Each structure stands twice: as structure tokens, then as C-alpha cells.
1. Do any residues in the stretch 76-104 that are touching a residue at least 60 places away in the same chain (Cβ under 8 Å) and under 14 Å from Tyr61 (Cα atoms) have Cβ atoms under 7 Å from those of residues that are of a type in the set (Asp, Glu) and exposed (fewer than 14 other Cβ atoms within 10 Å of the Cβ), where the two are at least six apart or on different chains, and which pairs are they?
2. Testing Thr44 on (1) hydroxyl-bearing (Ser, Thr, Tyr); (2) at pLDDT 95 or above; (3) under 24 Å from Asp132 (Cβ atoms), one condition comes back false. Which one is that?
3. Identify the single condition in (1) at pLDDT 95 or above; (2) in a strand (DSSP E or B); (3) in contact with an Asp or Glu (Cβ under 9 Å, 6 or more places away or on another chain) that Val109 does not satisfy, given that it satisfies every other one.
4. So is Asp13 more than 24 Å from Asp129 (Cα to Cα) and surrounded by fewer than 18 Cβ atoms within 10 Å (Cβ to Cβ) or not?
5. State yes or no: is His62 closer than 19 Å to Glu134 by Cα, at pLDDT below 95, surrounded by 18 or more Cβ atoms within 10 Å (Cβ to Cβ) and of a type outside the set (Asp, Glu)?
6. Please list, ordered by first then second residue, the pairs with beta carbon atoms under 6 Å, 6 or more apart or interchain, first in the stretch 20-35 and touching a residue at least 40 places away in the same chain (Cβ under 8 Å), second assigned to a loop (DSSP other than H, G, I, E, B) and surrounded by 12 or more Cβ atoms within 10 Å (Cβ to Cβ).
7. Would you check if Glu90 is closer than 12 Å to Tyr118 by Cα and either in contact with a strand residue (DSSP E or B) (Cβ under 9 Å, 6 or more places away or on another chain) or not in a strand (DSSP E or B) (or both)?
Amino acid sequence: MLQMSLEQLEKLDWKPRHFVQKNGIQYGYEKAADPRFGIGVEGTIVDFVRIPAGHTIYEHYHHRARESFVVAKGTALFQTRMNDTDPRNEQRVKAGDVLHFTVQERHRVVNDSNDYLYLVRFTKKEESDSVDTELEPKNGVSFEQK
């Protein structure tokens, strides 16, 4: 068994993902780099995600996967909608909250606090399951990562 406190979680090595600025919004998050803190078995993923203060995980959805998050530490806004024309629904979350997103439900995380947001993510997904609705240009060219 591997047990970890929030203090130990904060001290993990973190790998940057999708850091870019667009239209005045800072996007990006980090995943725990230590393989002991990520599980990937038969498409099931459990991992730790950290979002810096003032950053956003871009809006996206999954063709076949549901995705769930447990807020380990911090506060943020989770935004959802089912299609591009729907207004975004917002829910303020805090440590201990659990969120579930259905297949094809667009979701976005905005860390509007002054500290890191720590999440535990649970999903079962396949290659090419994630669709970026916010950063990817319509021609399919990927955005630059820092």
C-alpha cells in the first residue's frame, strides 16, 4: 500500500502539460511524474493533476469515456455544457468534492484561486478519445506546448 499526505503530494515531481496562452487565458496543468502515483490498467486511468493558480484546463470532451475528479486540495470553478451553443454551467468546488462528467459532456476547469488546485482523476479511455473544443484550431493542427 502506498499512502501519501497532502504535504507529500505537493512535493512530488510534476510534468507540465498543454501550457499555452490564448486570448488572455493561461492554459495548462501538470501531472505527477512519479509512476507510483498514476495507474493505467486496461484503459483505466487514475492519476494526480495539479493546476497552477490562474490557469485553466481547456474545454474538452470524450467520445466514449466518463471522467471523474476528486478535489484533494484547493478551490476552482468547473464549467460544463453539452454543445458549443449551450451556455457554460459553473460549479464552485472545494477539497472533498467529487465531480462526474458523462460521455460527450464538455468540461473545463478554471483555477481562479491564488494557490495550486490538486485533483485525483479517474477515467477509462482509449486513444483519440479526447476532443479539444477550445484550443485546437479547426484544421486539426495542434497548439504549441511550453
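1. none
2. (2)
3. (3)
4. yes
5. When the stated conditions are applied, His62 passes them.
6. Listed pairs, sorted by first residue: Val20/Phe143.
7. no
Table: residues versus (1) on the phi < 0 side of the Ramachandran plot; (2) outside any strand (DSSP E or B).
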position	(1), (2)
Arg17	yes, no
Gly28	no, no
Lys31	yes, no
Arg36	yes, yes
Glu59	yes, no
Asn83	yes, yes
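The values are calculated or read from the model by the stated rules, or taken from the named source; none is laboratory data. Since the model is a prediction, treat every value here as computed from it, not as a measurement. Note: ideal-geometry Cβ built from the backbone for every residue, glycine included; neighbour counts use all protein chains shown.
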